[in-house]
Amino acid sequence: MYYIRKGTLLFCWVYIIYGSFIIQWGLLCSDWCMYAYKTYRFRNILAIDISETIIHVMQQQYKDFSGVTFTVMDVRELNAIPSGSISVAIDKGCIDAVFCSTNFLTDTRQVFKEIYRVLGQEGVFASFSHAPANCRVPFLKSVDWAIDCCTCAHGVYYMIMISYIYSMISL
């Protein structure tokens, strides 16, 4: 696993062996699945959202993409996903939405516990957020993982959490 920084941008390219299991949640009609599928030829992608409407739209949009599964699921309860089965977890703002909930302290702890549980020993959790790192990292520390944070373009912050570091090269 490695990341490359260029100026204020962070380009995160996680070396993923083909056959790895990738999960993305909080879809909101994101094109990340198409990008990962077409550009990097990732397969075995599970994309989840709590909205049945969003899942239906994405299932129709990606009906010809084998290896991409869309499922209605709550990120606070990933019970259908076995422990240690995910290689990479991608969050593009879902955590920001959880922080806006009435019970955000309980909800965020539960989300991070579930993410940590489903990640494999060398799993990576990458989170894109509109909140600065100092507003997120204290909550992320509720789970024992390594954390690195950077600022990307347009004020979007990128946080990468690694459940177990086996190699990291910073260029």
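The values are calculated or read from the model by the stated rules, or taken from the named source; none is laboratory data. Note that the structure is predicted; figures quoted are calculated from it, not measured. Neighbour counts run over all protein chains shown; Cβ positions are idealised from the backbone, glycine included. With ligands, DNA and RNA removed, areas are computed over all heavy atoms of the protein, side chains included. Shrake-Rupley method; radii C 1.70, N 1.55, O 1.52, S 1.80 Å.
Using Cα-Cα distances under 8 Å and only pairs 6 or more residues apart, what relative contact order does region 91-137 have, in percent? Numbers along the way, then the final one.
Details: 26 pairs, mean separation 24.7, N = 47.
Relative contact order comes out at 53 percent.
Which value, in Å², gives the accessible area per residue of region 45-108 when a 1.4 Å probe is used on the protein heavy atoms? Numbers along the way, then the final one.
Numbers: 3240 Å² over 64 residues.
On a per-residue basis, region 45-108 sits at 51 Å².
Set the Förster radius R0 to 35 Å, insert the Cβ-Cβ distance between Tyr40 and Asn103 as r into 1/(1 + (r/R0)^6), and round the FRET efficiency to 0.05.
Efficiency computed from Cβ-Cβ geometry: 0.45.
Given the peptides 113-126, 61-74, arrange them by the average over their residues of other C-beta atoms within 10 Å, most packed first. Kindly include the intermediate steps, with their values, before the conclusion.
Working: 113-126: 19.7, 61-74: 14.9.
Highest to lowest by the protection proxy: 113-126, 61-74.
To the nearest whole percent, what portion of all C-alpha pairs in region 54-138 is separated by more than 14 angstrom?
On the way: 2502 of 3570 pairs.
Distances greater than 14 Å cover 70 percent of the Cα pairs.
Using heavy-atom solvent-accessible surface (probe 1.4 Å) with all chains present, what is the largest-first order of Ser87, Ser142? Walk me through the intermediate numbers first.
Details: Ser87 35, Ser142 60 Å².
So, going from the largest accessible area down, we get Ser142, Ser87.
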